[in-house]
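Down below is the structure, laid out as structure tokens.
The values are calculated or read from the model by the stated rules, or taken from the named source; none is laboratory data. On a predicted model such as this, the values are computed, not experimentally measured, just so you know. Note: ideal-geometry Cβ built from the backbone for every residue, glycine included; neighbour counts use all protein chains shown.
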């Protein structure tokens, strides 16, 4: 945003309209864009939001925690990803 804040969000579990005749769950790119603008975002990057969407955050106790655990408990193997780290 204009203050230099950076946000990381994920949205997953959406199912395309072709599967049911209408979209179910998740968020469209347009919906996320409008939401980010309402929060004051000035720039955004959209990456794949499919079943491989994953967010892992290091908590203050220095352990890593996954924040997007699917309801099914089934994890997809990830071939690649992005990491954003800060200097301590």
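Table for the structure above
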{"read-out": "Close pairs (9 angstrom Cβ cut-off, 6 or more residues apart or separate chains): on the phi > 0 side of the Ramachandran plot and modelled with pLDDT of 85 or more in region 30-58, loosely packed, with under 12 Cβ neighbours inside 10 Å and assigned to a helix (DSSP H, G or I) anywhere", "value": "none"}
{"read-out": "Residue match in region 6-23 (condition: out of contact with any helix residue (DSSP H, G or I) (no Cβ under 6 Å at 6 or more places or on another chain), modelled with pLDDT under 75, loosely packed, with under 10 Cβ neighbours inside 10 Å and under 21 Å from residue 84 (Cα atoms))", "value": "no"}
